[in-house]
Amino acid sequence: MQMLWDSKLAVGVDKIDNQHKELFNRMNSLMDAMKEGKGKNEVMGTLKFLEEYANRHFSDEEELQRKNNYPKFEIQHKEHEEFKMALKDLRMKLEEQGVSAMLAINLQQSMCGWWKKHIKELDMDLGKYLMSV
């Protein structure tokens, strides 16, 4: 199952929306590589690519929050750090266990759920806030 972008996930800030779309693409690339049984090196490379992009996205988003005195910055930051830790945990599991169908399924369920929940609950609120200031 792919992570599909739709307009219900738009927060109304072009930079954030475009980055979310790209994050979905990168998550899909990682899941596809795992499901297709790509080699460990290719999966790890795709994961590294995702980690770097997620870090850049979180940094950009948090910079917007600080510049605009967003009142829920700490909550956002905490969730961003939790997601980064989840990616590190995934990397460790891949290094220890290799690529498996079960790991791909767990990744899909946990990461997809996290992104959709985070966008719908926190990033939507951030978008509304940014459009009001």
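The values are calculated or read from the model by the stated rules, or taken from the named source; none is laboratory data. Remember, it's a predicted structure, so these values are computed and weren't measured experimentally. We place every Cβ from the backbone using ideal geometry, glycine too, and count neighbours over all the protein chains shown.
At-a-glance table
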{"item": "Enumeration of residues in the stretch 39-69 that are among the hydrophobic types (A, V, I, L, M, F, W, C) and surrounded by 14 or more Cβ atoms within 10 Å (Cβ to Cβ)", "result": "Val43, Met44, Leu47, Leu50, Ala54, Phe58, Leu64"}
{"item": "Members of the stretch 45-71 found to be of a type in the set (A, V, I, L, M) and over 16 Å from the mean Cα position of the chain (by Cα), listed by number", "result": "Leu64"}
{"item": "Filter result for Ser100 (surrounded by fewer than 18 Cβ atoms within 10 Å (Cβ to Cβ), hydroxyl-bearing (Ser, Thr, Tyr), within 13 Å of the chain's Cα centre (by Cα) and at negative phi)", "result": "no"}
{"item": "Filter pass, Tyr53 being touching a residue at least 60 places away in the same chain (Cβ under 8 Å), within 20 Å of Asn18 (Cβ to Cβ), part of a helix (DSSP H, G or I) and hydroxyl-bearing (Ser, Thr, Tyr)", "result": "no"}
{"item": "Residue list for the stretch 66-96, filter: part of a loop (DSSP other than H, G, I, E, B) and farther than 14 Å from Ile16 by Cβ", "result": "Asn69, Pro71, Lys72"}
{"item": "Single condition Glu63 does not satisfy, out of (1) of a type outside the set (Gly, Ala, Ser); (2) closer than 26 Å to Lys8 by Cβ; (3) out of contact with any Leu (no Cβ under 8 Å at 6 or more places or on another chain); (4) not in a helix (DSSP H, G or I)", "result": "(4)"}
{"item": "Odd one out for Leu23 among (1) in a helix (DSSP H, G or I); (2) without any contact (Cβ under 8 Å) to a residue 60 or more places away in the chain; (3) surrounded by 16 or more Cβ atoms within 10 Å (Cβ to Cβ)", "result": "(2)"}
{"item": "Qualifying residue in the stretch 70-85 (condition: surrounded by 15 or more Cβ atoms within 10 Å (Cβ to Cβ) and at pLDDT below 90)", "result": "no"}
